[in-house]
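Novice: Below you will find the structure I want to go over with you.
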Amino acid sequence: MMEPESSLGAVREKIAAAARIARRKDSDITLIAISKTKPVAEIEPLIAQGQRVFGENRVQEAQAKWPELKARYPDIELHLVGQLQSNKAEDAVALFDAIHSVDRPSLVTALAKAMDKLGRRIPCFVQVNIGAEEQKGGCAVADLPALLAQVREAGLPLAGLMCVPPADIEAAPFFALLAKLAADNGLSGLSMGMSGDFETAITLGATHIRVGSALFGARD
Ligand SMILES: *Cc1c(COP(=O)(O)O)cnc(C)c1O
């Protein structure tokens, strides 16, 4: 077999291999290239190779990097994967094409207001604090049904669930739990899997994987 020519090629091959093992179509898995902390000069080569879906974790950083790139490449999709303060909801809805970090009632209210005001409705994933970690974002598993009900009532387009499992332990049980929670709540979207574990996430049903360092190299 030939060596892949780029980190993007290598990640795509791994996605295809994991999808084959899971008997899934790799076209059902969206690769989100997480470009946080990386300058435009390092993002453009990936765009040139055909990558169109990117993710950032901070609204301000994304505002500095993406409006110009989105103007030049109108088919780019930008996803917010980091925690969102309610007072930045309008900025986020204006710039991003999807939000993966909806995790509390006050944010649902702020996003609904922003979407109404801007006349723009973007897909939202509800983030679950799947390892019940104190310092992590995401709603508690016990609070999920009520939050999903609020999201649905507020008319936010509900794409699915998202999680960031605890670091340094096997992620598979957490991915399996997120998949069960999604199925129990009638949701098909699963945003799970990062550079170290996206293949595992794919075998457990991930529809959106968020990959940074495997594409861009380590962050400082
Ligand atoms: C940074 C980040 C990623 C990507 O992490 P890598 O390990 O570099 O692939 C994925 N999801 C979220 C929420 C992140 O903040």
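Laboratory data are not the source of any read-out in this text; all were calculated from the coordinates shown. Quantities reported herein were computed from a predicted structural model and do not represent experimental measurements. FYI the Cβ positions are ideal-geometry reconstructions off the backbone, even for glycines, and counts take in every protein chain you see.
Novice: Greater than 22 Å separation of Cα atoms is the criterion. Which listed pairs, 25/180; 14/180; 38/70, meet it?
Specialist: 14/180
Novice: Name the residue from 137, 85, 151 whose Cα lies farthest towards the positive end of the charge dipole of the chain, charges +1 on Cβ of Lys and Arg and -1 on Cβ of Asp and Glu.
Specialist: Of the candidates, 151 comes out farthest on the positive side.
Novice: Alpha carbon centre of the stretch 14-58 versus the stretch 154-194: separation in Å?
Specialist: Cα centroid to Cα centroid, the span is 18 Å.
Novice: Count neighbours as other Cβ atoms within 10 Å of each site's Cβ, and list the GluC sites (Glu not before Pro) in the stretch 1-92 that are DSSP loop with at most 13 such neighbours.
Specialist: Counting only loop positions with at most 13 other Cβ atoms within 10 Å, the GluC sites (Glu not before Pro) in the stretch 1-92 are 5.
Novice: Hey, another quick one. Against the empirical 2.2 N^0.38 Å scaling, what ratio does the C-alpha Rg of the stretch 4-216 come to? Numbers along the way, then the final one.
Specialist: Details: Rg = 16.5 Å, N = 213, 2.2 N^0.38 = 16.9 Å.
Against the empirical 2.2 N^0.38 Å value, I get 0.98 for the stretch 4-216.
Novice: Let me ask something additional. If I take all pairs of Cα atoms in the stretch 1-98, what percentage of them are more than 15 Å from each other?
Specialist: Details: 3059 of 4753 pairs.
When all Cα pairs of the stretch 1-98 are counted, 64 percent exceed 15 Å.
Novice: Which ³J(HN,Hα) values in Hz, rounded to whole numbers, follow from the phi angles of the stretch 144-158 under the Karplus curve 6.51 cos²θ - 1.76 cosθ + 1.60, where θ = phi - 60° and Gly and Pro get x?
Specialist: Along the stretch 144-158, the couplings run 4, x, 5, 5, 4, 4, 5, 4, 5, 5, 6, x, 6, x, 9 Hz.
Novice: Could you compute the net charge surrounding residue 34? Neighbours are other residues with a C-beta less than 10 Å from the C-beta of residue 34; K and R count +1, D and E count -1. Please report the intermediate quantities before stating the final value.
Specialist: Details: positive: 36, 38, 210, 219; negative: 56.
Its environment carries a net charge of +3.
Novice: What residues have an amide H closer than 5 Å to that of residue 101, excluding those fewer than 5 places away on the same chain, when H is modeled at 1.01 Å from N in the peptide plane?
Specialist: 125
Novice: What is the magnitude of the charge dipole of the chain about its Cα centre, with +1 placed on the Cβ of each Lys and Arg, -1 on the Cβ of each Asp and Glu, and no other charges, expressed in debye to the nearest 20? List each step's numbers first, then the result.
Specialist: Working: 24 positive and 27 negative charges, 97 e Å.
Its charge dipole is roughly 460 debye.
Novice: Rounded to the nearest angstrom and ordered from largest down, what semi-axes does the equivalent ellipsoid of the stretch 155-194 get from its C-alpha gyration tensor (root of 5λ)? Each step should come with its number before you reach the end.
Specialist: On the way: eigenvalues 87, 24, 8 Å².
Working through the eigenvalues yields semi-axes of 21, 11, 6 Å.
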